[in-house]
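Report on the following structure.
The values are calculated or read from the model by the stated rules, or taken from the named source; none is laboratory data. Predicted, not measured: the structure shown is a model, and the values here were computed from it. All Cβ positions, glycine included, derive from the backbone under ideal geometry; neighbour counts span all protein chains shown. Surface areas here come from the heavy atoms of the whole protein model, side chains and all, with no ligands, DNA or RNA. Shrake-Rupley method; radii C 1.70, N 1.55, O 1.52, S 1.80 Å.
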Amino acid sequence: MKNLKSLFRYIGNYKGYFYLSLVLSATSSILLLTPYYSMYHLFLSISSGSNFQSKYYGWIAIVGVLVGVLCYFLSLWFSHMVGFRVERNMRLFGGNQLLEVSLSFFDTHESGKIRKIIDDNAALTHSFVAHNIPDLVSTCIVPIFVVGVLLKLNWVLGVICLCTALLSLYLVKKMMGDPESLQYYMIALNNITSEATEFIRGMQIVKIFNASLDNFRTFKKSIDDYSDWALKYSFSARLSYVLNRLVLEVLPLILIAVAYPVMSKHPSISLFLVNIMFCMVFGSQLLLSLTKILNTGTNYALAFQSIHQLENLFDGYLEHKPTEHQKITSCSITCNAVTFSYTPEKQALKDVTFSIPEKSTTAVIGASGSGKSTIAKLIANMYHEYEGEIKIGSYDLNAYPEETLMDTITYVSQNAQLFHKSILENLKMARPTATTEEIQQALIATECSELIQKLPDGVETIIGTGGVHLSGGERQRLVLCQAFLKNNPIIILDEVTASVDPENEFKLMRAIESLSRDKTVIMIAHKLSLVEKADQILVFKTGELVEKGTPQQLKEKQGIYYNMLQRYHATKRWTLKGEVTQ
Ligand SMILES: Nc1ncnc2c1ncn2[C@@H]1O[C@H](COP(=O)(O)OP(=O)(O)OP(=O)(O)O)[C@@H](O)[C@H]1O
């Protein structure tokens, strides 16, 4: 019942079609049994020596079969309509949830795995609804009908068939295994898919460095896990499957064995022979239906498991609803005693407190893994489960609606992502209403106009496969151009110059300068040349804020920043010595 309820959520307005499909399937399965009715009368007339009205019963059989087949096709037609609707609604649900989840969801879930869970599970449920539901109805109706008729003909044989059907259904249920094993089986299936994608991506590195395939231990583990769960699931079904087949195979033998002692006491042997023959032939329909249930049972379990898996995918990641609906009046940022952990074992930030005045630039520096990106992501509202308080203006982040924050903070990461579309379409994503003039201005401000001129179709050039391939620096500048168009008052730049050459770095710096004008800027940087002009520097070490102040104050303090600066200037004086041999 719970399963059907969850399926109904995705059927939406097509419930009428769903019921119609069930009714037509049930009608069809009963109509397709009409030849047996005619056959029974044929047996009767043979045993009694009376004249068989072949025309009458022949027509009943033909019309019954024809109308039955028609009903079956109509039932399939409606079930396919419902199936497509379910698939569409499941994909829509997945897509909408992706819009609702916090950004941390994308940090913790691989895109291949998300795609697989949404796409494949929707397709699997479609297939079950479209193909298996009409069959499931007929496989349930036929046994009830057959057992009813047999009980009426001879109660002993009827009871045997009824017991067989009940026993078979019980074994089918057992065969489907426990839902938990099935859930792990499906998780293992998803893992193997995403690990296989990683394996293909990593193959380039393996070839370049002639690296050992040992690096793909997680892929191997996912294969082992899948094989373990597939085996466990299959073995858990083994006994019930074998027993069920046995029950179904021996049913005719039991009928014959029971029929003999009953037959010897029967007053009309010929009538009883007819009944027995009919029971054997008609009973075969019972066997057929129970065998079908055996096959659709696994699909049933898989389809509902697919729905649960899709719904559970987003658990714990849905956006926190704002406690109030405040408007942002000032773009200063305050962090008060912020502590955060990605995993229970390790704190990524410990008791971090600082404030950033409106329209100032703050540089965040520190060793790799010190927590720089983490604090930036918390301010960008990507994670919510932190201790302490993060305020924009006078209110906590929680006091603002999601849209307000999205229209206030722009987070540019080190991995610039652009879509496989034209440059213009990519830029318009940041501001769909941007005029050609505004786009030109943004391109000039972010040092992209020279790049656009070089491209065959200018701003209409498609990026990526089949179009142009841009360098890391060129991509970063286009992303800054998007940020420029978006024109949010708070900009967070997370190591945007991390992997660019000096020429691109110079252009990027000029782009950042244009972008930062009159804005509150947080700039995470490894390169100290970028931070010297900042109004404030925050130095992080193993998750703690260990120094804060203006560049001048930190120099005078002669602490970590000062030492980093010394080392930085020393490396600039390094030269390569040696002789050049001919
Ligand atoms: N998604 C995550 N799940 C678990 N741990 C994470 C995650 N992201 C970061 N960490 C851990 O949190 C700590 C801080 O990481 P963070 O990315 O903030 O460092 P960082 O100073 O920005 O480093 P880098 O300069 O190399 O980017 C590190 O120990 C890192 O391993």
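Points to keep in mind about this one:
- Selection status of E387, surrounded by fewer than 20 Cβ atoms within 10 Å (Cβ to Cβ) and within 16 Å of the ligand (Cβ to nearest atom): yes
- The set of residues from segment 110-119 being open to solvent by less than 60 Å² (accessible area, probe 1.4 Å) and modelled with pLDDT of 85 or more comprises I114, I117, I118, D119.
- Test: residue in segment 19-41 that is under 28 Å from I118 (Cα atoms), within 40 Å of the chain's Cα centre (by Cα) and surrounded by fewer than 16 Cβ atoms within 10 Å (Cβ to Cβ): yes
- Where helices (runs of 4 or more DSSP H) fall entirely within segment 82-172, those with at least 2 residues that are in contact with a Ser or Thr (Cβ under 7 Å, 6 or more places away or on another chain) are at 111-127, 133-153.
- Matching residues in segment 347-367 - criterion: being in contact (Cβ under 8 Å) with a residue 40 or more places away in the chain, open to solvent by 40 Å² or more (accessible area, probe 1.4 Å) and either out of contact with any Lys or Arg (no Cβ under 8 Å at 6 or more places or on another chain) or part of a strand (DSSP E or B) (or both): Q347, K350, D351, T353, P357, E358
- Candidates E495, E505, E447, E474, filtered to the one that is within 16 Å of the ligand (Cβ to nearest atom) and more than 22 Å from V101 (Cα to Cα): E495
- Residue among A380, A337, A399, A376 that is touching a Gly at 6+ places or on another chain (Cβ under 6 Å) and either more than 10 Å from the ligand (Cβ to nearest atom) or not charged (D, E, K, R) (or both): A337
- Residue in segment 418-429 that is in contact with a His (Cβ under 6 Å, 6 or more places away or on another chain), away from the ligand (no atom under 16 Å from the Cβ), open to solvent by less than 30 Å² (accessible area, probe 1.4 Å) and in the same structural domain as N488 (by the TED database) present: no
Residue by residue, here is whether (1) open to solvent by less than 80 Å² (accessible area, probe 1.4 Å); (2) at pLDDT below 75; (3) outside the structural domain of Y386 (by the TED database) holds:
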site	(1), (2), (3)
S514	yes, no, no
V521	yes, no, no
Q536	yes, no, no
G543	yes, no, no
K555	yes, no, no
Q558	no, no, no
N563	yes, no, no
K577	no, yes, yes
T581	no, yes, yes
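- Each residue in segment 81-111 was checked for being more than 16 Å from the ligand (Cβ to nearest atom), more than 18 Å from I307 (Cα to Cα) and touching a residue at least 40 places away in the same chain (Cβ under 8 Å), and 2 of them qualify.
- Figure legend. Inter-residue proximity from segment 148-171: first residues open to solvent by 10 Å² or more (accessible area, probe 1.4 Å), second residues not in a helix (DSSP H, G or I), beta-carbon distance below 6 Å, spacing 6+ or different chains. No pairs are indicated.
- Filter pass, S138 being within 16 Å of the ligand (Cβ to nearest atom) and either among the polar types (S, T, N, Q) or free of Cβ contacts under 8 Å to residues at least 12 places away in the same chain (or both): no
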